[in-house]
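A short worksheet on the structure shown next.
The values are calculated or read from the model by the stated rules, or taken from the named source; none is laboratory data. It should be emphasised that the depicted structure is a prediction, and the values quoted were computed from it without experimental measurement. Backbone-built Cβ (ideal geometry, glycine too); neighbour counts: all protein chains shown. Surface accessibility is based on the protein's heavy atoms, side chains included, excluding ligands, DNA and RNA. Shrake-Rupley method; radii C 1.70, N 1.55, O 1.52, S 1.80 Å.
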Amino acid sequence: LNSRSSPARRSQYQSISASLQPSLLSQALFNLLIPDHSADAFSPPRLGQPCRWDALVERLLGGLGRWDAEHFLFIAERGYLYEHNCAFLPLFPLSLRALAGTALWPLQLQPRSLLLLSAVLLNSLFSILAAAALYELGRAVLRRRSVAFLAALLFSLSPANVFMAAAYSESMFAFLAFSAMWQLERGQSWLSGLLFSLASGARANGLINTGFFLYSRGKRFALQLQVGSASVRKLPPLWKQVLSLASSAALMCVGIFLPFALFQYYAYVRFCAPGMGLDQSIPEPLLQLARDKGYRVAGTDGVQPPWCSQRVPLVYSYIQDTYWNVGFLRYFELRQIPNFLLALPVTLLGSWAAWTYVSTNPRHCLTLGLERNKSEEEGKPRDGFCCPSAFVYVVHSTALLAFGFSCMHVQVLTRFLGSSSPILYWFPAHLLQEHEPLLWSTGTGNPTCGKPLLGKSPNSCGKGTPDNLVVRLLLNWRLLTPLSKSILGFFLCYWLLGLILHCNFFPWT
């Protein structure tokens with residue numbers, strides 16, 4: 001991106017990149033100052049004798065190896081040894097193993113330390129690339145550079161930030177998903193399909209991204225049917241168009257579903273087919289952990305798992321149901337009220353975004369955006385958050401929100417949406433741009449020159465060189481509107497609390 005970009009855009013990328021750095025330093029500080037909570041979470045025994053460098057890595061980066069990160073690091077080191085490890089798809093662990101076994105192999109560290117270091121390096125890169133992809137996607141869809149840039153800066157202060165930095169697959173998924181959406185907007189369908197396919201190998205919710213491709217193809221077909229009679233003569237016969245649409249859509253859906261399907265087959269062979277399990281001995285401490293916790297181990301004698309005899313043997317859905325009690329309305333209990341409160345800000349934000357869009361574009365939403373309108377015919381479509389092109393992204397965000405609220409552990413909604421949907425960043429950026437006077441500008445995304453604002457570069461006026469707008473707003477907190485304080489307060493509080501709590505094994509989102 002940098003080699004093909006103008007100096008102003010390179011400066012924007014540098015601002016975005018610099019905004020992502022404080023998380024690593026903050027988590028190390030909090031992890032050193034605050035004692036770890038004794039959580040009932042997956043914690044495999046450490047095998048081998050650590051050296052002083054392993055101890056140093058653990059002290060500096062150990063906060064990024066908590067909760068589900070233990071699964072990813074364990075899978076990267078030992079493979080899918082336990083049945084419930086299969087809830088975590090393989091692309092991210094494979095990437096950790098590849099980096100640890102190539103670029104980092106000269107380091108004299110234990111495997112877990114190498115993998116943890118690999119996770120930090122990879123996620124730092126993926127976070128920067130995801131923010132850059134979000135910025136380019138925002139420019140393509142919203143057609144407002146200032147809103148796109150502000151959204152990318154908000155991504156660097158994401159309420160799900162700790163999961164972007166920790167040994168989770170969120171950063172990789174955000175990079176792949178946002179890049180795929182951007183390439184689809186550019187008309188690069190096959191590259192977009194490849195990226196969507198890789199995303200479905202990182203997280204299961206990547207499967208819903210087939211909707212973007214199906215909608216893109218369907219919309220193009222619907223608009224072609226509405227062109228004038230002179231243009232219709234230039235198009236292929238209707239049956240050829242339908243056949244082309246159906247074949248390309250089916251092929252792309254197969255490509256996106258393929259990584260997930262292959263992994264389900266791998267799990268079936270590993271846990272269900274007799275004699276097809278492990279080809280290496282299992283250390284006794286790991287077997288003892290399985291006996292103590294009731295984990296099912298691959299390749300060992302015992303009763304075949306129940307999911308193996310299902311008509312469609314999906315280990316992923318079985319684990320979600322059996323190990324974590326994930327299902328429709330199962331989380332609606334009085335004792336889960338604190339978790340619903342944790343998810344309340346992102347739920348309100350997502351619902352507000354959907355309502356704003358629908359109330360602004362009722363006809364466009366009722367016709368599913370498949371009706372050609374005058375502004376598009378004249379080549380001057382509306383820009384900004386409520387533009388026609390944002391419709392499919394609002395639908396995607398609302399579908400994820402509804403599914404997550406009703407069928408998942410509701411507290412994960414923040415990171416679920418934060419790594420999957422650009423709406424979580426576009427809508428707050430839209431609100432800030434529309435309602436915060438300190439951001440009103442003549443088109444550069446900088447506040448009006450001449451105001452005595454803190455954190456404002458003296459060379460930023462009229463030069464087209466953006467500084468960090470979010471930092472500047474935070475430095476001028478007293479001047480902000482209540483709406484801006486609420487938005488930035490949500491992002492900043494969740495960013496900070498996530499680093500403090502998650503990195504010390506306290507429950508978080």
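Things to note:
- If you take all other residues with their beta carbon under 14 Å from the beta carbon of Phe506, and give Lys and Arg +1 and Asp and Glu -1, the sum is -1.
- Magnitude of the charge dipole, the range 298-429, Cβ model with Lys/Arg +1 and Asp/Glu -1, debye to 20: 160 debye
- Whether the range 351-441 is rounded, prolate or oblate, judged on the alpha carbon gyration tensor where a/c under 1.5 counts as rounded: oblate
- In Å², nearest 10: area of Lys240 left accessible to a 1.4 Å probe: 100 Å²
- Cα-based shape type of the range 139-198, given that a ≥ b ≥ c are square roots of the gyration tensor eigenvalues and the cut on a/c is 1.5: oblate
- Free of any GluC sites (Glu not before Pro) that DSSP assigns to a loop and that have at most 10 other C-beta atoms within 10 Å, the longest stretch within the chain is 1-332.
- Share of carbon and sulfur in the accessible heavy-atom surface of the chain [1.4 Å probe, %]: 63 percent
- Ordered from largest to smallest accessible area (heavy atoms of protein chains, 1.4 Å probe), the residues Arg144, Arg335 come out as Arg335, Arg144.
- Over the range 51-129, the hull volume per residue, using the convex hull of the C-alpha atoms, is 95 Å³.
- Accessible area of the chain divided out per residue, in Å², using a probe of 1.4 angstrom: 46 Å²
- When every Cα-Cα distance of the chain is counted in 10 angstrom steps from zero, the calculated P(r) takes the values 4, 17, 27, 26, 16, 7, 2, 0 percent.
- Report summary: the helix-based calculation at 222 nm, which adds -39500 (n - 2.57) for every DSSP H run with n ≥ 4 and divides by the residues of the chain, gives -19000 deg cm²/dmol.
- Helix runs (DSSP H) in the chain reaching 20 Å along axis by Cα, Kyte-Doolittle at least 0.0: 111-142, 170-185, 210-225, 238-271, 337-360, 391-407, 482-502
- Applying 1/(1 + (r/R0)^6) with R0 = 35 Å to the Cβ-Cβ distance of Arg335 and Ala98 gives a FRET efficiency near 0.25.
- Cα-centre dipole for the chain with unit charges at Cβ (Lys and Arg positive, Asp and Glu negative), debye to 20: 1580 debye
- Positive minus negative residues near Leu122 (Lys, Arg vs Asp, Glu; Cβ under 14 Å): 0
- Diffusion of the range 279-403 by Stokes-Einstein, at 20 °C in a medium of 1.002 mPa s and with Rh set to the Kirkwood radius over alpha-carbon pairs, works out to 109 µm²/s.
- Pairs of lysine residues in the chain - Cα separation under 26 Å, sequence separation of 8 or more or cross-chain: 9
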